[in-house]
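The values are calculated or read from the model by the stated rules, or taken from the named source; none is laboratory data. Quick caveat, the model's predicted, so the values are computed rather than measured. As a convention, Cβ positions derive from the backbone with ideal geometry for all residues, glycine included, and neighbour counts pool all protein chains shown.
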Amino acid sequence: MPLLEITGATKRFGATLAVDDVSLVVEPGEFFALLGPSGCGKTTLLRLIAGFERPDAGRIVIDGDEVTDTPPYARPVNMMFQSYALFPHLDVAANIGFGLRQPGWDRRRRAARVAELLTLVQMPGLERRRPDELSGGQKQRVALARALARSPKLLLLDEPMAALDRKLREETRLELTGLQHRLGTTFLVVTHDQEEALGLAGRVGVMEQGRLAQIGTSAEIYERPNSRFVADFVGAVNLFEGTVVTGSRGPGLRILDCAEPVPLACVPGVSDGAAAALAVRPEKLRLSREPPPGFALPATIASIGYQGGRSTVYLARDQGPPLRATLPSDTAAGFARGESVWAGWEPDDAVLLTR
């Protein structure tokens, strides 16, 4: 039985359709990410699950019980807010134990649970500090411990790493996935950061204008996007717009500045003359000074951006949009700005998109 099942959820705010007929299933113990740009409806969907908003249509089921009309406090869910929402006048222990002030939890039991959570988030000995005495990463850990205090079946995280610097985000990502694995709690995270979503979650749902554009594993979303929007939003991509044609050499895509159609691996269900785009990730491009066997486009190196072990080579073309290729830095160092090159790729490394 799914831990979370959403069927046809719709939410409007006046004339704005924030969530548009969304259906989603999240399994027990899964780490699921909702990914999308600002204003796509992902946080509204999170608030529908938490009970802070009520859908105009559809139903929400958590652990087999319909909770569409259930208030937030009666749902087996807790939420970690983007702002962390810590009480500034309470110390760390009081913040974590705030939700444990309920019948059946005496002072000794609350103290034991708080100590357990402090150890879980690697903050023992800091229970008497106030929020203004903590770093950004420590505040996040306190907020996480508080959200886990009552052992929710589903933990919702709204942009949990937005306030952290890059190095700390990378460290926290590893800690968060390890913690989720140890606890076995179902996590659902909302983020606009593609790297964060792909690195954290087992499955990702990409949202576009209130709808789920694609759901899949991180590899599926990145390697096999199902639309121009997903291909362009999730990571860098080279997009070639054209028309599908079938010739003596098999299926291809006729693009603006190329006499011969770009060869395609396959075109299931796509007819001749259909408008389509071809998506090629930068790391799939291969650069050479001489025309390689197979298909390649002529280009000129506009600049090279060094990024440690990898470098991005930006390519200009006489016609059509510029390209980018990601190469090992020692390989990229062999090329120079202004140099003429050929950019090619294998047909299997490109994805044909019809929407």
Counting only helices (runs of 4 or more DSSP H) entirely within region 217-333, those with at least 2 residues that are over 27 Å from MET207 (Cα atoms) are 329-332
Can you name every residue in region 204-214 that is surrounded by 17 or more Cβ atoms within 10 Å (Cβ to Cβ) and of a type outside the set (Gly, Ala, Ser)? VAL204, VAL206, MET207, GLU208, LEU212, GLN214
Considering each residue of region 95-115, count those that are farther than 17 Å from ARG129 by Cα, under 35 Å from the mean Cα position of the chain (by Cα) and not basic (Lys, Arg), and give that number. 2
State the number of residues belonging to region 16-30 that are crowded, with 17+ Cβ neighbours inside 10 Å and without any contact (Cβ under 8 Å) to a residue 24 or more places away in the chain. 0
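Per-residue answers, yes or no, for (1) closer than 30 Å to PRO261 by Cα; (2) surrounded by 17 or more Cβ atoms within 10 Å (Cβ to Cβ); (3) under 19 Å from the mean Cα position of the chain (by Cα):
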site: ASP132; (1), (2), (3): no, no, no
site: GLY136; (1), (2), (3): no, no, no
site: ALA147; (1), (2), (3): no, yes, no
site: LEU157; (1), (2), (3): no, yes, yes
site: GLN194; (1), (2), (3): no, yes, yes
site: ALA236; (1), (2), (3): yes, no, yes
Return the pairs, sorted by first residue and then second, in which the second residue is among the polar types (S, T, N, Q), the first residue lies in region 84-107 and is modelled with pLDDT of 80 or more, the beta carbons are less than 6 Å apart, and the residues are 6+ apart or on different chains. LEU86/ASN95; PHE87/ASN95
Restricted to region 108-130, and to residues that are in contact (Cβ under 8 Å) with a residue 24 or more places away in the chain and among the basic types (Lys, Arg), which residue is surrounded by the fewest Cβ atoms within 10 Å (Cβ to Cβ)? ARG128
Take PRO261 and tell me if it is closer than 17 Å to PRO347 by Cα and not charged (D, E, K, R). yes
Give the residue, chosen from LEU157, LEU164, LEU176, that is touching a helix residue (DSSP H, G or I) at 6+ places or on another chain (Cβ under 7 Å) and not in a helix (DSSP H, G or I). LEU164
Quick one: would you say LEU164 is surrounded by fewer than 19 Cβ atoms within 10 Å (Cβ to Cβ) and either at pLDDT below 85 or assigned by TED's automatic domain parsing to the domain that holds PRO37 (or both)? yes
Out of all the residues in region 58-76, is one or more assigned to a helix (DSSP H, G or I) and touching a Leu at 6+ places or on another chain (Cβ under 6 Å)? no
Any chance region 95-109 includes a residue that's out of contact with any helix residue (DSSP H, G or I) (no Cβ under 9 Å at 6 or more places or on another chain) and of a type in the set (Asp, Glu)? yes
Flagged in region 25-57 as closer than 11 Å to LEU156 by Cα and assigned to a loop (DSSP other than H, G, I, E, B), in numbering order, are none
Of PHE229, PHE240, PHE187, PHE233, which residue is within 30 Å of VAL121 (Cβ to Cβ) and aromatic (Phe, Trp, Tyr)? PHE187
